[in-house]
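Peer 1: Have a look at this one before I ask anything.
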Amino acid sequence: MSQENQNEEIDLMQLFGMIKEFFRKVLRLVISIIDFYRKKWLLFVILAVVGLGIGYFMDQYQDTKNKYVQEIIIEPKYESTEYIYDFIEDLENNLKDSLYVKELGLQIAEVENVKKILLEPIIVAEEVLTGLEKNGGEATFIEAYDEATLKEKRFRTFYKEHKLTFIFRIKQSSNRKVSKSILDYLKANQHFKERIALELQQVQSGLAQNRKSLDFINKYLANLSQNPAQTDGKIIFASESETPTISSLLKRKQDLISKIKSDEKALALDKEVFTIMNYGSIVTQRKILVNRMLFTVPLFLIGLVSLLYALRYLMRSASSFVQEEKYPVAK
């Protein structure tokens, strides 16, 4: 037992020795790094100053300090949401084609100032719930979806309003012309123009019929109020299998009024593929330099030079190790 205890003590001493040697090496490495930066402090100060200058220049000139943004809220009509999204997603590449730009009524110099065009839904969770229920989908767990999920393509047709954002590089008078020309081109789609004309014609026909029905019910109820003894509360129509009551006629009257209001609104407002809910002005948004290249460039330069010195040190250490293995020193 004493021999075993002695062996265990030796093993523990060896383990503590290894741990002690590990921390000694780590401490030496830390001291070496500190000593390296102490000796090279002037070099890294120069790198920091140069990096700050380059970063400031890049923020000020290579990528302008300010960006000019116009946000337009639109409401797609006649199931045109996917058409509008496809149009905007292809627009960045299409604006590189001079013939396409000419079709928009614009010049290449005008569209070159466009940095980005974005279209995204204005998320209203209740609209997703309604859309899922109409499509027979599962809507009970919609509250668990995050905003990124709710922006996915499968949900965007459920939203009533969408935000179209134009980002311009510099401020110039033609910026508003660019956004207007693109919107006008969207509205000029021949397929939707024909579809809208047909649907509005059908709405007009239905509106005329609903007005006649409403007029008939109003006249009948007015006549009934003047001669209440003619009925016991039921009105018999030979063409109907059921006998409607006065209350059912009143309900029908309210339904017709709601439908007529809806049709009148559609005829007045739904004449185009989308409605502009808010035509935003072009506003200036100042970029925050602190979080951009001002500090990124100096940190990159300092890190790069430190890495080069570290690689040189490793190469020298590896070379010395190889030499020692090849020509061992006699003890």
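Peer 1: For the stretch 161-201, which positions are under 20 Å from I84 (Cα atoms), loosely packed, with under 13 Cβ neighbours inside 10 Å and in contact (Cβ under 8 Å) with a residue 24 or more places away in the chain?
Peer 2: D184, the sole residue that qualifies.
Peer 1: Another one. Please pick out the residue among K116, K102, K77 that is of a type in the set (K, R), assigned by TED's automatic domain parsing to the domain that holds A148 and within 16 Å of the chain's Cα centre (by Cα).
Peer 2: Step by step, each of K116, K102, K77 is checked, and only K116 is of a type in the set (K, R), assigned by TED's automatic domain parsing to the domain that holds A148 and within 16 Å of the chain's Cα centre (by Cα).
Peer 1: Residues in the stretch 288-322 that are of a type outside the set (D, E, K, R) and modelled with pLDDT of 75 or more: how many?
Peer 2: Residues in the stretch 288-322 being of a type outside the set (D, E, K, R) and modelled with pLDDT of 75 or more: 20 in total.
The values are calculated or read from the model by the stated rules, or taken from the named source; none is laboratory data. Just so it is clear, the model here is predicted, and its values are computed rather than measured. So basically every Cβ, Gly included, is an ideal-geometry build from the backbone, and we count neighbours across all protein chains shown.
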